[in-house]
Amino acid sequence: MKDNERKVDDRLPKWLSSKILSAVDYVWQVRVDDNMEVESKKRLKSLTNTLDGEEMCWVLMLLTLPKINDIIMDSKEAQEFKEMKQAERILH
């Protein structure tokens, strides 16, 4: 399995490497707990010992994607796009 992971990691962008995705999963696992924020911060802090600055940036960016998606989908442009797609479906 390790050989297979290395082949995949060599072909994907660095922000999708198994190391980064494993770190994201490690933090993401506690998102449903009552102490989510406290535990997430503890886990992020523990990652600073194993990841460099750029890798931590990738982890943090990937963790914020759901919030960014909400912001984008609530935008005026996204609403216009949805309306346009709905109109296209009605025409076809």
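The values are calculated or read from the model by the stated rules, or taken from the named source; none is laboratory data. It should be emphasised that the depicted structure is a prediction, and the values quoted were computed from it without experimental measurement. Virtual Cβ from ideal backbone geometry, glycine too; neighbours counted across all protein chains shown.
Odds and ends about this structure:
- Within the stretch 1-33, restricting attention to residues that are over 19 Å from K67 (Cα atoms) and of a type in the set (D, E), the residue that is modelled with the lowest pLDDT is E5.
- Residue in the stretch 68-83 that is of a type in the set (F, W, Y) and more than 20 Å from the chain's Cα centre (by Cα) present: yes
- First in the stretch 53-75 and free of Cβ contacts under 8 Å to residues at least 24 places away in the same chain, second anywhere and part of a helix (DSSP H, G or I) and surrounded by 11 or more Cβ atoms within 10 Å (Cβ to Cβ), Cβ under 7 Å, 6 or more apart: M56/L47; I72/A78
Rundown of residues vs (1) at pLDDT below 90; (2) in a helix (DSSP H, G or I); (3) surrounded by 12 or more Cβ atoms within 10 Å (Cβ to Cβ); (4) among the small types (G, A, S), yes/no style:
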site: N49; (1), (2), (3), (4): no, no, no, no
site: E55; (1), (2), (3), (4): no, yes, yes, no
site: L60; (1), (2), (3), (4): no, yes, yes, no
site: L63; (1), (2), (3), (4): no, yes, yes, no
site: I72; (1), (2), (3), (4): no, yes, no, no
site: A87; (1), (2), (3), (4): yes, yes, no, yes
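- Pairs where the first residue, in the stretch 14-41, is in a helix (DSSP H, G or I) and the second is of a type in the set (F, W, Y), C-beta under 8 Å, 6+ apart: K14/W58; W15/W58; I20/W58
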